[in-house]
Structure formats: structure tokens, C-alpha cells
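In what follows, a single structure is set out as C-alpha cells and then discussed.
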Amino acid sequence: MILLLNFRTGISEMQITRGLALIDVVTGLHEEVLRMKTLPPLEYARLLESLADLEHRLTVGTNEKIQLGSLVGMFWVLRGQLSVKSL
């Protein structure tokens, strides 16, 4: 749980110090994920789909704090999926 709060706090601090909107952060993450080819194909596709959905929700005006929680959650789920596959 602390890891989730640290991730959320880190993104919030980055937004404040760099003057970024959450959509800017998500777009940057999306671009980085597209460059990554190390994830298993299914997890890679799910992560890209989740990021695209999040970008869409942000463009239609949903609450950034709620969507930040969604962003943290999608990486938490990915982490769980990858740890299960490694067993």
C-alpha cells in the first residue's frame, strides 16, 4: 500500500514541479510503453489499452485525482500479473 501512495505522491509532485497536467504524464508514459518490447504480449496489449482508455477519460473532463488513482491501479495490476507469470 505504501508503494502505491509513493507512486501517487511522486506523480503529483512531478506535476507540480514541472507544471504538467495528468494528460501530459499519461501521454509520456504511453510513448515510453510503446518503446518497451520486454513485456509479454498480453500484458503489453492490456497496458496500452488501459493507457488509451485513461487518456480518453482525461480528454472528456473527468477528475484528475480519480484518474491518477486509476493510473496507479493499472500498474499495480500489471505488477501482479507479471509476478504470477514468473511463478
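The values are calculated or read from the model by the stated rules, or taken from the named source; none is laboratory data. On a predicted model such as this, the values are computed, not experimentally measured, just so you know. No Cβ is skipped: glycine too gets one built from the backbone with ideal geometry, and neighbour counts run over all protein chains shown. Surface areas here come from the heavy atoms of the whole protein model, side chains and all, with no ligands, DNA or RNA. Shrake-Rupley method; radii C 1.70, N 1.55, O 1.52, S 1.80 Å.
Numerical summary
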item: Any hit, the stretch 66-82, residues being open to solvent by 40 Å² or more (accessible area, probe 1.4 Å), outside any helix (DSSP H, G or I), at pLDDT 90 or above and not aliphatic (A, V, I, L, M); result: no
item: Residue in the stretch 26-33 that is of a type outside the set (D, E, K, R) and open to solvent by 40 Å² or more (accessible area, probe 1.4 Å) present; result: yes
item: Residue within the stretch 2-11 that is under 20 Å from S83 (Cβ atoms), touching a residue at least 60 places away in the same chain (Cβ under 8 Å), open to solvent by less than 60 Å² (accessible area, probe 1.4 Å) and under 13 Å from the mean Cα position of the chain (by Cα) present; result: yes
item: Filter result for L87 (at pLDDT below 90 and not in a helix (DSSP H, G or I)); result: yes
item: Any chance L39 is within 19 Å of G73 (Cβ to Cβ) and under 12 Å from the mean Cα position of the chain (by Cα); result: no
item: Near pairs, Cβ below 9 angstrom, 6+ apart or cross-chain, from the stretch 25-37 (part of a helix (DSSP H, G or I)) to any residue that is small (G, A, S) and surrounded by 11 or more Cβ atoms within 10 Å (Cβ to Cβ); result: H30/A52
item: In the stretch 41-63, the residues that are surrounded by fewer than 16 Cβ atoms within 10 Å (Cβ to Cβ) and under 21 Å from E13 (Cβ atoms); result: N63
